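Engineer: Would you mind keeping the following structure in view while I ask a few things?
The values are calculated or read from the model by the stated rules, or taken from the named source; none is laboratory data. Fair warning: this is a prediction, and the values are worked out from it, not measured in the lab. Note: ideal-geometry Cβ built from the backbone for every residue, glycine included; neighbour counts use all protein chains shown.
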Amino acid sequence: MTEWGDGTRCVHSGSDGPVAGQPFLGGPVLAAPYHLGADDFYGRAGNPTWRALESAIGALDGGLCTVFPSGMAAITTMLRTLLSPGDVLIVPSDGYYLVRTFLAGLDVRVREVPTTGPWTADVVAGARLVLLESPSNPGLDVCDIKAVAELAHAAGALVAVDNTTATPLGQRPLELGADVSVASDTKALAGHSDVLFGHVTVTDEALWQELQRQRTVSGAIPGPFETWMVHRGLGTLDVRLARQAENAEALVAKLRGHEGVATVRWPGSPDDPSYAIASRQMRRFGGVFTFELASAELVTRFVGASALVSAATSFGGLHSTADRRAQWGDPVSEGMVRFSAGLEDSHDLVQDVVGALDRALAVPLQ
């Protein structure tokens, strides 16, 4: 079988091939009940639009995919499926904060570990599930997924990786030994800032069937039109990631030496503390990076002085955005910015960002 490149797989995955008189990507199937007598009988239990996208994402992830209406729906369904009362769950202490909010309602014992560890046999002892987020959000630290998976499996635990920041093109957790890859596809995979979505991909067929069942009984189902939009966006993931990474690299190079900027983080930079591990397990680095300014006021000034950068949460879209993460409760400095490089021309974006920073710094802080 031919091993297609990333761009080819993004364009063609989930397609049954050319059919005369039919579109390249079939439209969404908008149905609640179906005529009985085939696999589909009710819209909460199945939809061919879901299956087409699940086939596409599963091919990129290297497993069996189940799609959900948001990243949180995906990860919470995964947690409910895998955990029982009293189980030990290991979560990243520096990971996405809303996951910890959800865990407050589960009768499980939570053990928090920084993404960078230390990861030892004692740390994972007695765990049912180890949930990793690499690169972490928002700090962009990474862990050695293969090494952690080996430790966890030796202790009888499963490993799930939140792969939102990396995407299936940037990193394949299942190939590194993880049992589950979960992501918010609202971000780069859909990539156009116009749809909420998520997915879970696994290698175990019995677990996949249970995730599908849990989706049906809970009603955590994605709309067919939103599913179709994600599949449409997936077709350009390869080229979008390439431009975003190009822009991130150019901006990081300029910001690292800028007088008003501290602690620039991007796993794709050889100067980053995450680079040694990231370069071994990641296939590409994407457009998300972070940097610190002196205060929240300075961040506001910077965004206000920019013609191309908008203040917005989320990341991975066409437009460059800056998100001051402390406002959401992340344990970071007040001036820490998670920057999502968009698809603007690199020269224009670098000129705009550096110019906006210079203008923001030109006025003394109050």
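Engineer: Condition first: assigned to a helix (DSSP H, G or I), closer than 23 Å to LEU196 by Cα and of a type in the set (A, V, I, L, M, F, W, C). Can you find one or more residues in segment 113-125 that meet it? Steps first, answer last, please.
Structural biologist: The first filter runs over segment 113-125 and keeps only residues assigned to a helix (DSSP H, G or I), leaving 121-124.
Subset that is closer than 23 Å to LEU196 by Cα: none.
Checking segment 113-125: not a single residue is assigned to a helix (DSSP H, G or I), closer than 23 Å to LEU196 by Cα and of a type in the set (A, V, I, L, M, F, W, C).
Engineer: Applying the selection to segment 160-182, what residues are under 13 Å from the mean Cα position of the chain (by Cα), outside any loop (DSSP other than H, G, I, E, B) and of a type outside the set (A, V, I, L, M)?
Structural biologist: Result: ASP162, THR167, PRO168, GLY170, PRO173, SER181.
Engineer: Can I ask one more? Give the number of residues within segment 305-335 that are surrounded by fewer than 16 Cβ atoms within 10 Å (Cβ to Cβ) and over 24 Å from GLU246 (Cα atoms).
Structural biologist: Matching residues across segment 305-335 total 4.
Engineer: Among the residues of segment 57-64, is any under 10 Å from VAL200 (Cβ atoms) and not in a helix (DSSP H, G or I)?
Structural biologist: Within segment 57-64, one or more residues are under 10 Å from VAL200 (Cβ atoms) and not in a helix (DSSP H, G or I).
Engineer: Then there is this: In segment 297-326, what count of residues is obtained for those that are touching a Ser or Thr at 6+ places or on another chain (Cβ under 8 Å) and of a type in the set (A, V, I, L, M)?
Structural biologist: Here the count works out to 8.
Engineer: Taking segment 90-123, which residues are touching a residue at least 12 places away in the same chain (Cβ under 8 Å) and small (Gly, Ala, Ser)?
Structural biologist: Residues satisfying the conditions are SER93, GLY95, GLY117, ALA121.
Engineer: Additional query: Assess whether GLY235 counts as being farther than 28 Å from ALA296 by Cα and surrounded by 16 or more Cβ atoms within 10 Å (Cβ to Cβ). Let's see the steps before the verdict.
Structural biologist: On the way: farther than 28 Å from ALA296 by Cα: yes; surrounded by 16 or more Cβ atoms within 10 Å (Cβ to Cβ): yes.
So GLY235 passes the test.
Engineer: Quick check on segment 38-56. Is at least one of its residues under 30 Å from GLY329 (Cα atoms), surrounded by 15 or more Cβ atoms within 10 Å (Cβ to Cβ) and not hydroxyl-bearing (Ser, Thr, Tyr)? Let's see the steps before the verdict.
Structural biologist: Step one: list which residues in segment 38-56 are under 30 Å from GLY329 (Cα atoms), which gives none.
No, that holds for no residue.
Engineer: Look at ALA74 and say whether it is among the small types (Gly, Ala, Ser), out of contact with any helix residue (DSSP H, G or I) (no Cβ under 7 Å at 6 or more places or on another chain) and not in a loop (DSSP other than H, G, I, E, B). Step through it out loud before you land on a result.
Structural biologist: On the way: among the small types (Gly, Ala, Ser): yes; out of contact with any helix residue (DSSP H, G or I) (no Cβ under 7 Å at 6 or more places or on another chain): yes; not in a loop (DSSP other than H, G, I, E, B): yes.
Answer is yes for this residue.
Engineer: Name the pairs: first residue in segment 179-205 and under 18 Å from THR81 (Cβ atoms), second residue assigned to a loop (DSSP other than H, G, I, E, B) and polar (S, T, N, Q), Cβ to Cβ under 6 Å, at least 6 apart or on different chains?
Structural biologist: Partner pairs satisfying both residue conditions: SER181/ASN163; ALA183/ASN163; ALA183/THR164; SER184/THR164; GLY198/SER70.
Engineer: For LEU64, indicate whether it is at pLDDT 95 or above and either crowded, with 18+ Cβ neighbours inside 10 Å or not assigned by TED's automatic domain parsing to the domain that holds THR167 (or both).
Structural biologist: It is true that LEU64 is at pLDDT 95 or above and either crowded, with 18+ Cβ neighbours inside 10 Å or not assigned by TED's automatic domain parsing to the domain that holds THR167 (or both).
Engineer: Looking at segment 137-151 only, could you name the residues that are part of a helix (DSSP H, G or I), crowded, with 24+ Cβ neighbours inside 10 Å and in contact (Cβ under 8 Å) with a residue 60 or more places away in the chain?
Structural biologist: Within segment 137-151, just ILE145 meets the criteria.
Engineer: Right, here's the next one. Testing LEU83 on (1) at pLDDT 95 or above; (2) buried (at least 18 other Cβ atoms within 10 Å of the Cβ); (3) under 30 Å from ASP238 (Cα atoms), one condition comes back false. Which one is that?
Structural biologist: Only one criterion in (1) at pLDDT 95 or above; (2) buried (at least 18 other Cβ atoms within 10 Å of the Cβ); (3) under 30 Å from ASP238 (Cα atoms) is unmet by LEU83, namely (3).
Engineer: Being within 22 Å of the chain's Cα centre (by Cα) and surrounded by fewer than 22 Cβ atoms within 10 Å (Cβ to Cβ) is the filter here; which residues of segment 114-128 pass it?
Structural biologist: Start the filter on segment 114-128 by keeping residues that are within 22 Å of the chain's Cα centre (by Cα), which leaves 114-117.
Answer for segment 114-128, where residues must be within 22 Å of the chain's Cα centre (by Cα) and surrounded by fewer than 22 Cβ atoms within 10 Å (Cβ to Cβ): PRO114, THR116, GLY117.
Engineer: Let me ask something additional. Given ALA307, ALA312, ALA341, which one is of a type in the set (A, V, I, L, M, F, W, C) and under 18 Å from ALA296 (Cα atoms)?
Structural biologist: On the way: ALA307 fails: under 18 Å from ALA296 (Cα atoms); ALA341 fails: under 18 Å from ALA296 (Cα atoms).
Answer to the check: ALA312.
Engineer: Scan segment 183-210 residue by residue and report those that are crowded, with 24+ Cβ neighbours inside 10 Å and not in a loop (DSSP other than H, G, I, E, B).
Structural biologist: ALA183, SER184, GLY198, HIS199, VAL200, THR201, VAL202
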